[in-house]
Amino acid sequence: MSRYFDRRWFLAIMTIVLVAAGALCGTWISRLVVISSDRGQMQIFADQLLNRAVEVFAEADKMLAVVNASPHPFCSDKEIMFLRDMLFGTKYLKDMGRVRDGFFHCSAVFGNGKKPMPLIKHDLETPDGKLIYANSRLAISKSTAPIIGIGNANVVLDPAAFETLKNPAYTFGVMYNPQGVSSTVGMFGTLDIGKTGMELPAGAGRIGDTVYRNVCRNTACVTVHAEVGRLESSAEPITSIITTFGAALGGAAAVILILLQRNNLSLKARLQHALSQNRLTVEYQPIVDVATGRPVAAEALVRWRENGEWIPPDVFIPVAEKAGLINRLTICVIDHVLSDMAASLDANPDFHISINISAADLFDRHFGALLALRLKEANVANNQIALEITERSTANAADAKEAIERLRSRGHKIYIDDFGTGYSSLAYLGELNVDGIKIDKSFTQTIGTSSVSVSIVPQIIDMARAHGLAIVVEGIETTAQRDYFAALKPKVDGQGWLFGRPASAITIKKALEPVA
């Protein structure tokens, strides 16, 4: 059959079939969901957002009062420690700061700056003097976040406060609705961020091709939108639609099966084939005691080279996650690590290997037992395999905490990888009860530069130690960076090209051999 793929008429027919199938599927989906049946779901979603918004703004108001009533001298070391203690106990705040005469002076995360920084123009001022900044660039990060201030205090609201509530069926906006003001200002979501002067019509309605629902309570308003095309009633009997859709899927499936016979397979299929044939490999990057340079661990990094082509992990790992192959990929890495390093780990009980796992692995209740079985067969202690998870894996705090505890109870240490890229709260990490963090290389690169971001590095380290977290600094590439972290007490571990690039298992084994 493969001989037909070189014929234009065959490709044309195949394209027409795929387009027709896609059109039929789209028509079926758009007609299946009716507006009347969706109203209840939209109301539930809007109420969930509103409840969260009320909590966020109430916590902001409470902490603003606490900061303004600080018993310590303005921006003194005692006051900064006071701000940090307060920040640790919050749920939806990322920082709390002090301002005076139009300038920012200090904050819990930023510490005490060398000189005050002028405040940017606010988006809205309320009758009681509260200043609202809808989407401000932060002094300690390239990120942006909403800020509320009053008097000599301001608080940074968590820009991801509503991430766990997102629903792909809707778009939404969360507005701050101050008392005594007829309009709102958009602060969260994808709708009307930073827009003021809005007067939301109450209840549900329709404008053009969009249906909406607006709800307000206390100082918060929420608007939820959905496209009418997805909600309109079906024009034909549902049974006829299902039959047509089934025929379309059958035709599309037939074409896909034909396409998979070609030599030029899709990346998903190529990855699946590579996993089946055990063609992926693992390299190891050393993790060292920064002060002494002594190797204490190594991170296992999966690699894929096929027919002379290098396929980067940031290309094929998302494909594996989307295609449901990520669990197989993780097991593949574990098997390589145990095959490569079991003997060396047995000979060096204080040395461990860090392995990256996905959210799917973290929440898989069978993953820990499967890993334990493999470790037992390889005669490797559980505590010699550390597991690295991303910040986004922990978005669902309750489930993440339970999953982390399951793995830690088996002896594995859990690290948050690339810490700082998601502007995470260390108080939140304390709730998760992880063992350590790996500071993202973007912060390491600011060492020795004039970048203001460098000032957050000691703050991260201080707060991590306050929670009893181990620290690994990623991306150490210069002696200046090494010397900076080597001077810290107690010690931190480091990883980067200065200590070694990812290499074969043989290189790591040689580094572990005793010096003659």
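Nothing in this text is a laboratory measurement; each read-out follows from the coordinates by a stated rule. Since this is a predicted model, take the numbers as computed values, not measurements. For neighbour counting, all protein chains shown are included, and Cβ atoms are generated from backbone atoms with ideal geometry for every residue, glycine included.
Okay, here's what the table says:
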item: Residues GLU391, GLU309 arranged by fewest to most Cβ contacts within 10 Å; result: GLU309, GLU391
item: Difference of contour (0.36 nm per residue) and Cα-Cα distance, LYS91 to LYS195; result: 34.9 nm
item: Contour excess over end-to-end distance, with Cα ends at ASP399 and ASP61 and 0.36 nm allotted per residue; result: 118.8 nm
item: ³J(HN,Hα) computed for each position of the range 359-371 - Karplus, 6.51 cos²θ - 1.76 cosθ + 1.60, integer Hz, glycine/proline x; result: 4, 4, 5, 4, 8, 7, 5, 8, 4, x, 5, 5, 5
item: Point-to-point label distance, SER183-PHE363, nm (Cα→Cβ direction, 7 Å offset); result: 4.1
item: Order of TYR212, TYR284 - criterion: other Cβ atoms within 10 Å of each residue's Cβ, fewest first; result: TYR212, TYR284
item: Sequence ranges 287-293, 435-441, ranked by mean other-Cβ count within 10 angstrom, highest first; result: 435-441, 287-293
item: Lys, Arg +1 and Asp, Glu -1 on Cβ, resulting dipole of the range 267-510 about Cα centre, debye, nearest 20; result: 360
item: Three-way shape call for the range 35-229 based on the alpha-carbon gyration tensor, with the a/c threshold at 1.5; result: prolate
item: Cα coordinate range in the range 454-516, projected on the principal axes (Å, largest first); result: 38, 24, 21
item: Qualifying lysines (Cα of each under 20 Å from Cα of LYS268; at least 8 residues distant if same chain); result: LYS322
item: Taking N as its residue count, the alpha carbon Rg of the range 145-190 over 2.2 N^0.38 Å; result: 1.35
item: Under-5 Å amide H pairs with ILE150, H placed in peptide plane, nonlocal only; result: LEU131
item: Whichever lysines have a C-alpha closer than 28 Å to that of LYS195, once near sequence neighbours (fewer than 8 apart) are set aside; result: LYS62, LYS91, LYS94, LYS121, LYS130, LYS142, LYS166
item: Residue exposure sequence - MET42, MET187, MET198 - by fewest surrounding Cβ within 10 Å; result: MET198, MET42, MET187
item: Rough spin-label spacing in nm, given labels placed 7 Å along Cα→Cβ, for ARG305 and THR210; result: 5.1
item: Global geometry of the range 307-359, whether rounded, prolate or oblate, following the gyration tensor of its Cα atoms and the 1.5 cut on a/c; result: prolate
item: Candidate lysines - alpha carbon under 23 Å from LYS413, same-chain residues fewer than 8 apart omitted; result: LYS376, LYS401, LYS438, LYS441, LYS489, LYS491, LYS509
item: PHE74-ASN51 FRET efficiency (beta carbon distance; Förster radius 51 Å; 0.05 resolution); result: 0.90
item: Global geometry of the range 267-510, whether rounded, prolate or oblate, following the gyration tensor of its Cα atoms and the 1.5 cut on a/c; result: rounded
item: Unit charges at the beta carbon, dipole of the range 88-141: most positive-side option, GLY102, PRO127, PHE88; result: PHE88
